[in-house]
Amino acid sequence: MRSRDTSQAGSSAYRRGIVQVTENAGIETLFETAVVQELERWHLESLGAGVLGAIQVKEFFTREQCQQLLDGLAANEMGSYDERVLLPRIAKLGPAAYDFYRGGELDEAYWLDVEAAKLVRAGLMDGRDPLTVATDKLGAAWGGDVRPASARRRGMFAGIIREIAHGARLHFDEVNREFPGVMDETPISQLAFNCHLSMPEAGGEAVVHRRRWSPEDETRREGYGYAEDIAEGYPAATVRPDVGDAILFDPRNYHLVRQNTGEGRRITLSFFVGITGGGPLTVWS
């Protein structure tokens, strides 16, 4: 089918230049990256609805803010994800809920790590917590509250700072599937947020495939991830951000990070965003 001319398109999303509409059906067909200067609510809605593959927000943090964070980070030792599960090593500051999921709930060690990580991170950006800077901008775009996700009425940690040097395997993240029932309010849609504080000269791209997990995929497991060829033939959005750019996508789609191939480090401020039935956005890591 031929794509309709934009002057004939009835879709407001089409007029914004992010999708194509087929001549006969009026179906939005593309799975691509929207590159924007300022995040707006409709961007998040389009991503949650599956219309977009990814959103790249230019200069979400300034280069000065990124350098402040890196300078502060240099004075603090980073831990890592559980290296019995996740190799090559991915260094991080802050707890990931997945590492503390035991017997259907988050164990007590998680909450101790939450308080320690918050204290360290709050002093990294000249006295401002970078998570607050990020969620204030998200809240302004959404036009509503952004608050920590909660488990048993305790606020969960959000805002891991992590370094991925050797790439990340094809995988998906889905809180409702991976640890069901932990959160007090189940999100109806899940997004991933990554603001890039540092990027290598080459490599470090994020690739998001329009392909969700299916039970038969478990036969193609490779450690914590999956064989890349299970996503072959599906549309994909590839993003290589600049320093300060934020990337948002739906992590329930299979995604990966390519290995660094140039000088420099790939360091991000990262968390998940939940769109809830009640209206507020929730965040966790």
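The values are calculated or read from the model by the stated rules, or taken from the named source; none is laboratory data. Since we're looking at a predicted model, the values are computed, not measured. In this analysis, Cβ positions are derived from the backbone assuming ideal geometry, glycine residues included, and neighbour counts consider all displayed protein chains. Surface areas here come from the heavy atoms of the whole protein model, side chains and all, with no ligands, DNA or RNA. Shrake-Rupley method; radii C 1.70, N 1.55, O 1.52, S 1.80 Å.
Determine the gain in length on full extension of the stretch GLU59-ASP229; use 0.36 nm per residue of separation and subtract their C-alpha separation, reporting nm with one decimal. Could the numbers behind the result be given before it?
Numbers: separation 170, 0.36 × 170 = 61.20 nm, distance 3.34 nm.
My answer for the length gained is 57.9 nm.
Please give the solvent-accessible surface of HIS43 in Å², to the nearest 10, using a probe radius of 1.4 Å with every protein chain present. For HIS43, the solvent-accessible surface is approximately 10 Å².
Given the Cα-Cα distance of ARG128 and THR186 and 0.36 nm per residue of separation, how much length would full extension add, in nm?
Working: separation 58, 0.36 × 58 = 20.88 nm, distance 2.95 nm.
Extending this stretch completely gives an extra 17.9 nm.
Measuring nothing but protein heavy atoms, the accessible surface of segment 46-202 at 1.4 Å probe radius is 47 percent carbon and sulfur.
With only Lys, Arg, Asp and Glu charged, each at its Cβ (+1 for the first two, -1 for the last two), find how big the charge dipole of segment 147-249 is about the Cα centre; round to the nearest 20 debye.
Working: 13 positive and 17 negative charges, 105 e Å.
Charge dipole of segment 147-249: 500 debye, to the nearest 20.
Here THR33 sits with roughly 40 square angstrom of accessible surface, probe radius 1.4 Å. When +1 charges are put on Lys and Arg Cβ atoms and -1 charges on Asp and Glu Cβ atoms, the dipole computed for the chain relative to its Cα centre reaches about 300 debye. Across all directions, the shadow cast by the convex hull of segment 172-285 built on its C-alpha atoms averages 8.1 square nanometres. Distance distribution P(r), the chain, all Cα-Cα pairs, bin width 5 angstrom from 0: 1, 5, 12, 16, 19, 19, 14, 8, 4, 2, 1, 0 percent. Calculate how steeply helix 108-121 sits against the longest principal axis of the alpha-carbon atoms of the chain, using the helix alpha-carbon long axis, and give the answer as 0 to 90 degrees to the nearest 10. Helix 108-121 sits at roughly 80 degrees to that axis.
Solvent exposure of the chain amounts to 47 Å² per residue of accessible area, where only protein heavy atoms count and the probe is 1.4 Å. Label reach from LYS118 (point 7 Å along Cα→C-beta): in segment 240-284, amide nitrogens under 15 Å belong to 283-284.
Remark: spin-label model distance GLU40-ASP136 equals 2.3 nm, labels positioned 7 Å along the Cα→Cβ axis. Solvent exposure of SER150, expressed as accessible area, is near 40 Å², computed with a probe of 1.4 Å over the protein chains only. Each Lys and Arg Cβ is given +1 and each Asp and Glu Cβ -1; about its Cα centre, segment 39-133 then shows a dipole of about 280 debye.
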